[in-house]
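Before any comments, here is the structure.
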Amino acid sequence: MKKGILFIITHLLCYSLVAQEQIQTLIQKLKDPESKSILVIAHRGDWRNAPENSLQAFKNCIEMGVHMIEIDLKKTKDGHLILMHDETIDRTTNGIGKPENYTLEEIRKFHLKNGLGIVTRHIIPTFEEVLKLCKDKILINVDKGYEYFKEVYALTEQSGTTEQVIIKSAYPLSKVKKENGDVLKKVVYMPIINLDQPNAEKLVNEYLKISPIAIECCFQSFSPQVNYLLQKIRNTHTKIWINSLWPSLNAGHDDDLAVESNKPNEAWGWIISQGATLIQTDRPKNLLEYLSNNFSQ
């Protein structure tokens with residue numbers, strides 16, 4: 001009996017150490033400007049096989065070997081951060097209304113829908129539950145959730161996951177600094193910049209002064225300005241993040257081109273050729289297979 005218990009404890013300790021080594025390797029790849037490893041980010045988790053922003057969608061990603069999940073936050077009436085993309089719960093659950101109109105206990109009575117709109121057994125998770133699930137396993141990108149910047153930081157500190165979490169926004173650096181002060185220096189923050197817009201270079205230059213780990217770059221067309229700005233970012237110690245989700249984010253080099261048209265080199269290969277080492281996708285399994293077959297990680 002004692003030997004059995006000792007074996008279990010030893011096994012759990014070994015698993016924990018291996019997990020910690022794996023997450024530290026991921027964090028190092030994320031923070032190392034010289035790393036050529038391409039990190040795969042699953043948009044709202046593995047939403048094709050589980051409800052978006054659900055614990056199951058994130059478990060699938062962990063088992064699949066995805067490097068990072070992208071999540072969205074809202075707050076309940078009683079102040080709990082939960083995962084929800086839309087302003088209302090209508091599309092993704094069997095309930096209606098805004099998250100802030102419900103207490104946590106009330107909103108947990110609803111169930112999430114899958115990609116086909118079928119109600120499942122899954123319920124809306126809290127941000128704390130996601131941090132607990134992902135601790136020492138996978139990186140986390142907080143997309144919609146900038147307004148909870150300081151609360152996100154506090155919860156990641158409590159759970160020991162601060163290094164695993166990227167917070168991002170499309171706001172100018174001056175606004176982010178003014179609203180978050182010293183907290184900005186304690187988190188991994190990433191700006192989102194639409195490279196098509198007239199003031200894109202000004203925003204890029206402003207952010208390059210603080211050497212962010214990465215800049216999320218969006219563009220509808222591959223114009224001379226976009227090409228110039230991508231090169232400018234690439235020539236600094238800042239990583240390039242490109243979304244392959246739909247054509248308007250990447251000048252037509254999207255997931256569907258890769259999978260449905262069977263042209264992965266024209267989609268993901270092209271994105272990588274622009275210097276991207278972080279790719280957010282709705283096809284994480286396919287992208288992981290493509291990278292495994294074509295690139296040394």
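The values are calculated or read from the model by the stated rules, or taken from the named source; none is laboratory data. Remember, predicted model here, so these are calculated numbers, not experimental data. Ideal geometry is used to build each Cβ from the backbone, glycine not excepted, and the neighbour counts take in all protein chains shown. Quick note on the areas: whole protein, heavy atoms, side chains included, nothing else; ligands and nucleic acids left out. Shrake-Rupley method; radii C 1.70, N 1.55, O 1.52, S 1.80 Å.
Here are the numbers:
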| quantity | calculated |
| --- | --- |
| Kirkwood-Stokes translational diffusion coefficient of segment 137-208, alpha-carbon pairs, 20 °C, 1.002 mPa s, µm²/s | 166 µm²/s |
| Amide H within-cut-off set for S169, under 5 Å, with H built and near neighbours excluded | M190, I192 |
| Relative contact order (%) - criterion: Cα under 8 Å, at least six apart; region: segment 127-186 | 39 percent |
| Karplus 3J(HN,Hα) series, Hz, for segment 286-292 with 6.51 cos²θ - 1.76 cosθ + 1.60 (x for Gly, Pro) | 5, 5, 4, 5, 4, 5, 4 |
| Probe 1.4 Å, protein heavy atoms only - accessible area per residue of segment 49-207 in square angstrom | 46 Å² |
| Amide H contacts of N141 (H built 1.01 Å from N, under 5 Å, at least 5 apart or other chain) | I69, E70, I71, I166 |
| Radius 15 Å from Cβ of D182, net charge of other residues (Lys, Arg +1; Asp, Glu -1) | +3 |
| Magnitude of the charge dipole, segment 21-170, Cβ model with Lys/Arg +1 and Asp/Glu -1, debye to 20 | 320 debye |
| Calculated from backbone phi, Karplus (6.51, -1.76, 1.60) coupling profile of segment 217-226 in Hz, x at Gly/Pro | 10, 10, 6, 7, 9, 8, 7, x, 5, 4 |
| Pairs from K186/K239; K77/K285; K77/K202; K135/K239 whose Cα-Cα separation, in the structure shown, is over 27 Å | K77/K285; K77/K202 |
| Share of alpha-carbon pairs per 5 Å distance bin for segment 191-297, given as whole % | 2, 13, 25, 24, 17, 12, 6, 1, 0 |
| Cβ charges +1 (Lys, Arg) and -1 (Asp, Glu), total dipole of the chain, debye | 600 debye |
| Sites Q225 and T25, calculated FRET efficiency, Cβ-Cβ separation with R0 30 Å, nearest 0.05 | 0.25 |
| Among C61, L184, H111 - extreme Cα towards positive end, dipole of the chain, charges at beta-carbon | L184 |
| For the chain, with +1 on Lys and Arg beta carbons and -1 on Asp and Glu, the positive-most of Q220, I138, L195 along the dipole | I138 |
| Environment charge of L55, counting only residues whose C-beta is closer than 12 Å and scoring Lys/Arg +1, Asp/Glu -1 | -1 |
| Value of relative contact order over the chain, rounded to a whole percent, pairs C-alpha under 8 Å and six or more apart | 16 percent |
| Estimated distance in nm for a label pair at V183 and L116, the labels positioned 7 Å out from Cα along Cα-to-Cβ | 4.2 nm |
| Carbon/sulfur fraction of accessible area - the chain, other protein chains in place, 1.4 Å, % | 52 percent |
| Built amide H within the under 5 Å cut-off of H111, gap 5+ | N94, G95 |
| Hydrodynamic radius by Kirkwood, which averages 1/r over all alpha carbon pairs of the chain, in angstrom | 20.1 Å |
